[in-house]
Amino acid sequence: MSSTYHLETRGSEAESVARPRAARQRFLYALLLSTWIPMLFFISVAHLEKAYFSIYGMKSVFLFLGTAHVPATFFFYADRKFAHIIRQHKARYIYFPLALTIGAGLLVAFSGAQAQAYLFLVFWAWQAFHYGRQNLGIYSFASIAQSSSAPGKLEKLAIDLATVCGILGTFRILGMGVAPEYLRGSLERLYEFGWYSYITVIAFSLYVYARNFRQTTLLKSVFFWTLVLFFLPIYLSNDINVTFLSYAIAHGLQYIVFMGIVSFAAGEQPERARAARYQNGLKLLGLMILLGLLFYNADALRSFELVKQNVLLVRLFDFLFGATLGATMAHFVIDAGAWRLSKLPQREYMTRSFGFILAARDAKRA
């Protein structure tokens, strides 16, 4: 999600004012729960001496949802109200995503281990950056909902700096196993630098929080510290459940909350509004289940013995795995464009879904 949330309503005023406070509170609590629950779960799993079947089952559900959030992006292509934005920006929404998907598939299928290692390192850094942009978007929504204004520059800077620390730590946590030998020392040093930098960022965040204390609220404070500390698990453990899955799954569930609201936006014709909501909800659910299963199993398919014994199948499933990787990067690109609310078409589209967040700010302006 883009960090630019200078939102203006040019319609849906009545809908925005009808259930202002209750709708905003439900939305904010849903975001917090979608962040805290997976983080607490995966941190707890890492410290369990014995994992029961129910724990494995819950973990599988979380992992699937974390994967399925990527296909949720493609709901934009199934929504005719977004079609004109795609037509106006075909490079971003069609050509570049296709190039990423096909290019990554070919790279994984036909390149050597070293080229693939660099692909993964770029992917993981971009992924952490993408998480950080969504964090900024979440805090912007929380600020507008709580104080009727966008977050301050220093608050956004604190969240941005935390994201940089997350990227620095990600290289070691996810990249050490695939990086060439000559890069591993550098990854270790980046990790150490990221840890000391994070301590500095936390200190800076304390200054920013104290500086804005009179203008904040309890809920806004909770969001601020949740997002500043979002990547901290990277530096607290060596267990992948803590150092990656905790916040990665949180990111996915946050996004599902956003896309769920987008998909249930009312139709243009009031008499068909209820039907349109359910139809859009089913579109989103179908994309998440069908494409989510493909994304979730793309790597596992390569391990079947039948596949390993056939060169053609090896190439095919390597391409499929690489293509899902490229499609995930395409999700980063599509998402950044769709949520760029400084652009009028995107702002009008998203206002149809999130007008209830803007009610307090609009009332303050009036």
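The values are calculated or read from the model by the stated rules, or taken from the named source; none is laboratory data. This structure is a prediction, so every number in the text was calculated from the model and none was measured. No Cβ is skipped: glycine too gets one built from the backbone with ideal geometry, and neighbour counts run over all protein chains shown. Accessible surface is based on the protein model in full, side chains and every heavy atom, while ligands, DNA and RNA are left aside. Shrake-Rupley method; radii C 1.70, N 1.55, O 1.52, S 1.80 Å.
Some points to look at:
- Annotation note: of Thr163, Thr226, Thr170, Thr200, the sole residue that is assigned to a helix (DSSP H, G or I), surrounded by fewer than 16 Cβ atoms within 10 Å (Cβ to Cβ) and not small (Gly, Ala, Ser) is Thr200.
- When Gln134, Gln114 are checked against the criterion of being modelled with pLDDT of 95 or more and either of a type in the set (S, T, N, Q) or touching an Asp or Glu at 6+ places or on another chain (Cβ under 9 Å) (or both), Gln134 stands alone in meeting it.
- Residue in segment 29-76 that is most open to solvent (accessible area, probe 1.4 Å), counting only those that are among the polar types (S, T, N, Q) and either out of contact with any helix residue (DSSP H, G or I) (no Cβ under 6 Å at 6 or more places or on another chain) or in a helix (DSSP H, G or I) (or both): Ser54
- Hits in segment 178-197 (condition: open to solvent by 70 Å² or more (accessible area, probe 1.4 Å) and of a type outside the set (Ser, Thr, Tyr)): Glu181, Arg184, Glu188, Arg189, Glu192, Phe193, Trp195
- Leu206 being modelled with pLDDT of 95 or more and open to solvent by 60 Å² or more (accessible area, probe 1.4 Å): yes
- Single residue of segment 121-151 satisfying the filter (open to solvent by less than 30 Å² (accessible area, probe 1.4 Å) and farther than 30 Å from Leu28 by Cβ) that is nearest to the chain's Cα centre (by Cα): Phe123
- Residues that are within 24 Å of Phe295 (Cβ to Cβ) and not in a helix (DSSP H, G or I) are absent from segment 86-109.
- Scope segment 209-259; condition of a type in the set (Ser, Thr, Tyr), closer than 23 Å to Gln127 by Cβ and modelled with pLDDT of 95 or more; matching residues: Thr226, Tyr235, Thr243, Ser246, Tyr247, Tyr255
- The residue pairs whose first member lies in segment 210-230 and is within 12 Å of Tyr139 (Cβ to Cβ), whose second member is open to solvent by 60 Å² or more (accessible area, probe 1.4 Å) and modelled with pLDDT under 95, and whose beta carbons are closer than 9 Å, counting only pairs six or more residues apart or on different chains, are Ser221/Phe213.
- Taking segment 105-116 as the range and being small (Gly, Ala, Ser) and buried (at least 17 other Cβ atoms within 10 Å of the Cβ) as the test, the residues that pass are Gly105, Ala109.
Let's see how each residue does on (1) farther than 26 Å from Gln254 by Cα; (2) without any contact (Cβ under 8 Å) to a residue 40 or more places away in the chain:
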residue: Tyr56; (1), (2): no, yes
residue: Val70; (1), (2): no, no
residue: Thr101; (1), (2): no, no
residue: Phe110; (1), (2): yes, no
residue: Tyr118; (1), (2): yes, yes
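- Of the candidates Ser2, Ser16, the single residue that is buried (at least 19 other Cβ atoms within 10 Å of the Cβ), over 21 Å from Leu136 (Cα atoms) and modelled with pLDDT under 65 is Ser16.
- Among the candidates Arg352, Arg340, Arg347, the residue that is farther than 23 Å from Phe120 by Cα, charged (D, E, K, R), in contact with a Leu (Cβ under 7 Å, 6 or more places away or on another chain) and open to solvent by 20 Å² or more (accessible area, probe 1.4 Å) is uniquely Arg347.
- Subset of segment 229-250 [farther than 14 Å from Phe41 by Cα and either assigned to a helix (DSSP H, G or I) or open to solvent by 10 Å² or more (accessible area, probe 1.4 Å) (or both)]: Leu229, Leu232, Ile234, Tyr235, Leu236, Ser237, Asn238
- Here Leu98, Leu154 are screened, and the one residue that is within 20 Å of Leu320 (Cβ to Cβ), of a type outside the set (Asp, Glu) and surrounded by fewer than 18 Cβ atoms within 10 Å (Cβ to Cβ) is Leu98.
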